[in-house]
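The values are calculated or read from the model by the stated rules, or taken from the named source; none is laboratory data. These figures come from a predicted structure and were not determined experimentally. Methodologically, a virtual Cβ is constructed for each residue, glycine included, from the backbone with ideal geometry; neighbour enumeration extends over all protein chains shown. In case anyone asks, the SASA skips ligands and DNA or RNA and just uses the protein heavy atoms, side chains included. Shrake-Rupley method; radii C 1.70, N 1.55, O 1.52, S 1.80 Å.
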Amino acid sequence: MSTIVEKFHDIPTTCISDTMEGLNNLDPTIKPLKESYKFSGRALTVKMPVGDNLAVLKAIGEAKPGDVLVIDAKGDQYRAVAGDFILGMAQTLGVSALVVDGVIRDISGTKALDFPVFCKGTTVAASGKAGVGEINVPISCGGTSVFPGDIIVGDADGVVVIPQQSEEEILQASLDKLKKDEEREANISGKPEALRQYIDSMLSRTSSK
């Protein structure tokens, strides 16, 4: 039987976001390095100061297979939180994805890993390793609160956070929304008259508010 994390994997982030009224989306500048990247997993959170990534290494060492590293790097875009070597270690140890409110480096080598990385871009400068930082604590990443164990889902459109305390309800609501979207597509796509009726119904609904 599929786990709840696996069930979220096949639901578009846009659909999940809609069920949460868009309240738990990461900043839209945090994007996948490749549009084909898609993942779901539970958050292993990292809080790091600008330019010091030792906590990222600690998190990789303690991660369980399937975990998603979610890193609060304060939005810094000068120093990379990781390059292809560190990201390769994360992939080898079973981390399912890395999401960072910051940047990475070694872009060519990182893309060659085919490992889901969601970030604000790339840079040249490396981080230091002074040893400051925390893991598995509540963080803010991309303007959104993330707690250890929250379900994180990412695809070409971005990243959403599903709070643990309401994950069952959000899953069911997302599945219902996806079913309705698919039925709407089947009923009106490529059918001019059905499309006009749909547009009219949307306009009348808006004007009645």
Give the long-range amide H neighbours of Ala97: residues separated by 5 or more places, or on another chain, with amide H under 5 Å away, using H modelled in the peptide plane at 1.01 Å from N. Leu69
Counting only protein heavy atoms and leaving out ligands, DNA and RNA, the solvent-accessible surface of Thr14 at a 1.4 Å probe, in Å² to the nearest 10, equals 70 Å²
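Per 0.36 nm of contour for each residue apart, how much would the distance between Glu6 and Leu203 grow if the chain were fully extended, relative to their Cα-Cα spacing?
Extending this stretch completely gives an extra 67.2 nm.
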Given region 10-120, what percent of its DSSP beta bridges are antiparallel, to the nearest 5? 15 percent
Which percent, nearest 5, of DSSP beta bridges in the chain are antiparallel? 55 percent
Carbon and sulfur atoms account, in whole percent of the 1.4 Å probe accessible area of region 35-121, for 53 percent
With a probe of 1.4 Å, find how much accessible area the chain has per residue, and write the answer as a whole number in Å². 51 Å²
Cross-link candidates for Lys180: which lysines have Cα within less than 26 Å, leaving aside residues fewer than 8 places away along the same chain? Lys7, Lys38, Lys191, Lys209
Reach of Lys34 by Cα under 20 Å, taken over lysines that are not fewer than 8 positions away in the same chain: Lys111, Lys120
With a 1.4 Å probe and every protein chain left in place, tell me how much accessible area Glu6 has, in Å² to the nearest 10. 100 Å²
For Ile199, what is the net charge nearby, where nearby means another residue's Cβ is under 14 Å from its Cβ and Lys, Arg count +1, Asp, Glu -1? +2
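Over 17 Å apart: what share of the alpha carbon pairs of region 81-159 falls there, rounded to a whole percent?
51 percent
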Among 64-75, 96-107, 184-195, what's the highest-first ranking by average C-beta atoms within 10 angstrom per residue? 96-107, 64-75, 184-195
Could you give the size of the charge dipole of region 76-209 about its Cα centre, using +1 on the Cβ of each K and R and -1 on the Cβ of each D and E, expressed in debye and rounded to the nearest 20? 380 debye
What is the chain by shape, rounded, prolate or oblate, if you read a ≥ b ≥ c off the alpha carbon gyration tensor as root eigenvalues and call it rounded for a/c under 1.5, prolate for a/b larger than b/c, and oblate otherwise? prolate
